[in-house]
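Taking it in order: structure first as structure tokens, then the write-up.
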Amino acid sequence: MKLRRSMLFLPGANAAMLSTAFVYKPDSIMFDLEDAVSLREKDAARLLVFHALQNPAYADIETVVRINPLNTPFGLQDLEAVVRAGVDIVRLPKTDSAADVHELESHVERIERECGREVGSTKLMAAIESASGVVNALSIATSSCRMIGIALAGFDYVMDMQTERGDGTELFYARCAVLHAARVAKIDAFDVVYSDVNDEEGFLKEVELIRRLGFNGKSLINPRQIELLHNAYAPSEDDVDYAQRVIAAADKAEKEGLGVIALNGKMIDAPIVDHAKRVLQKAQASGVRK
Amino acid sequence: MKIVKEAVAGTLESSDLLVKVAPLADDKVDLVIESEVMRQFGAQIRKVVEETLRQLGVRSGQIVIEDKGALDCAIRARVQTAVLRGAECKEMNWSALS
């Protein structure tokens with residue numbers, strides 16, 4: 001089971017962070033070539049990320065690169081570098097429609113052929129940052145078999161909606177739209193960054209909300225948030241205990257040839273058994289909540 | 001690749017390095033390396049820098065490096081950035097930069 005709870009942002013131009021970030025063990029590391037890099041350092045960041053991706057220290061961790069938009073002078077050069085360097089996933093910013101993904105995909109396929117990389121091995125994800133992107137979330141999510149996920153980017157979205165970040169009400173529709181699109185497409189959904197790294201209580205409150213909504217995980221801007229997030233996403237001991245009893249009851253019913261499964265007098269159906277299996281898989285992958 | 005103007009890449013932050021390049025009239029590479037970890041890793045740093053310059057086809061120029069404990073991948077990236085800036089190179093040959 002591939003967990004994508006935490007996607008840690010790293011500024012692509014920061015050599016020190018690129019040299020050490022793997023020690024924090026997020027589920028995915030996202031090297032940023034876009035907003036975190038000044039215009040005059042775009043070339044330097046691209047080369048740093050190109051070499052970091054080939055560093056053996058990153059061999060066991062999923063790598064993502066946020067490239068610049070393809071309609072800028074930097075986007076295509078970023079793509080040439082990172083696909084050749086073996087990035088796992090390319091994150092396209094400011095995705096407004098499926099056509100944006102199709103354009104990206106055609107370039108990725110050409111580069112894969114040119115450099116001898118297996119065609120289809122570079123996966124994609126789209127960042128939804130506008131009202132258009134949210135309205136088109138389903139067609140974006142289903143636009144390519146390379147897509148592994150879609151992410152909501154809060155700051156640009158609320159600007160486009162002519163509002164501001166608050167208690168989460170301003171993101172409610174967008175979160176639900178992105179999440180539903182991801183579930184229809186059977187890909188992962190990632191929530192926005194929580195920018196106040198000193199507000200642990202606020203961070204955990206937001207994590208609890210998005211976990212209950214059904215998001216796979218969250219983009220992070222500070223390594224301190226990783227452990228908090230992973231712990232919040234781990235199943236509780238009670239969840240694990242109940243899941244084990246559901247699976248045991250299902251196994252017993254199957255052995256006895258019973259069509260109906262009962263646990264403590266309550267009927268258990270297939271979705272509950274599937275959920276119990278997922279809880280146990282998560283517990284095996286991430287441990288039990290502390 | 002010919003260095004035609006002065007150029008700089010990198011920083012003096014820990015785990016990074018600053019690379020300065022400049023054209024030289026002579027057909028030689030004048031390489032100066034300073035590092036906080038010269039005693040332990042000086043030979044490795046020099047090897048990575050020389051290999052990177054060779055890959056880029058640099059045969060002439062002054063290269064000054066102040067290393068603050070950077071990994072090999074950062075050294076390669078910073079040297080390449082400085083040389084490409086100094087050579088005013090716009091077209092990248094990625095297979096030659098690996």
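Brief remarks follow.
- Selection within the stretch B:1-12 - within 14 Å of chain A (Cβ to nearest Cβ) and surrounded by 14 or more Cβ atoms within 10 Å (Cβ to Cβ): B:A7, B:V8, B:A9, B:G10, B:T11
- Residue that is surrounded by the fewest Cβ atoms within 10 Å (Cβ to Cβ) [pool: residues in the stretch B:43-77 that are part of a loop (DSSP other than H, G, I, E, B) and charged (D, E, K, R)]: B:R59
- From the options B:Q80, B:Q40, residue that is in a helix (DSSP H, G or I), among the polar types (S, T, N, Q) and either over 23 Å from A:E41 (Cβ atoms) or in contact with a Gly (Cβ under 6 Å, 6 or more places away or on another chain) (or both): B:Q40
- One residue from A:S28, A:S6, A:S38, A:S19 being within 14 Å of chain B (Cβ to nearest Cβ) and within 19 Å of A:L220 (Cβ to Cβ): A:S19
- Total residues in the stretch B:13-28, condition polar (S, T, N, Q) and more than 13 Å from every other protein chain (Cβ to nearest Cβ): 0
- Some residue of the stretch B:31-41 being within 14 Å of another protein chain (Cβ to nearest Cβ) and touching a Leu at 6+ places or on another chain (Cβ under 6 Å): no
- One residue stands out in the stretch A:1-12 among those that are assigned to a strand (DSSP E or B) and in contact (Cβ under 8 Å) with a residue 60 or more places away in the chain: the one that is surrounded by the fewest Cβ atoms within 10 Å (Cβ to Cβ), namely A:F9.
- The residue of the stretch A:143-194 that is nearest to A:E208 (Cα to Cα), among those that are surrounded by fewer than 17 Cβ atoms within 10 Å (Cβ to Cβ) and hydroxyl-bearing (S, T, Y), is A:T169.
- A Cβ distance below 7 Å, combined with a sequence gap of six or more or placement on separate chains, defines the contacts here; from the stretch A:161-175, residues that are under 13 Å from A:I128 (Cα atoms) reach residues that are assigned to a loop (DSSP other than H, G, I, E, B) in the pairs A:L171/A:V192.
Matching residues to (1) at pLDDT below 95; (2) of a type outside the set (D, E); (3) farther than 21 Å from A:M17 by Cα; (4) in contact with a His (Cβ under 7 Å, 6 or more places away or on another chain):
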position: B:V8; (1), (2), (3), (4): no, yes, no, no
position: B:D26; (1), (2), (3), (4): yes, no, yes, no
position: B:I33; (1), (2), (3), (4): no, yes, yes, no
position: B:L53; (1), (2), (3), (4): no, yes, yes, no
position: B:G61; (1), (2), (3), (4): no, yes, yes, no
position: B:A70; (1), (2), (3), (4): no, yes, no, no
position: B:V79; (1), (2), (3), (4): no, yes, no, no
position: B:V83; (1), (2), (3), (4): no, yes, yes, no
position: B:A96; (1), (2), (3), (4): yes, yes, yes, no
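Residue-by-condition table, conditions (1) buried (at least 24 other Cβ atoms within 10 Å of the Cβ); (2) among the charged types (D, E, K, R); (3) assigned by TED's automatic domain parsing to the domain that holds A:A182:
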position: A:N14; (1), (2), (3): no, no, yes
position: A:V23; (1), (2), (3): no, no, yes
position: A:D27; (1), (2), (3): no, yes, yes
position: A:F31; (1), (2), (3): yes, no, yes
position: A:V37; (1), (2), (3): yes, no, yes
position: A:E41; (1), (2), (3): no, yes, yes
position: A:L48; (1), (2), (3): yes, no, yes
position: A:Q54; (1), (2), (3): no, no, yes
position: A:Y58; (1), (2), (3): no, no, yes
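The values are calculated or read from the model by the stated rules, or taken from the named source; none is laboratory data. On a predicted model such as this, the values are computed, not experimentally measured, just so you know. Note that we place each Cβ from the backbone using ideal geometry, even for glycine, and neighbour counts take in every protein chain shown.
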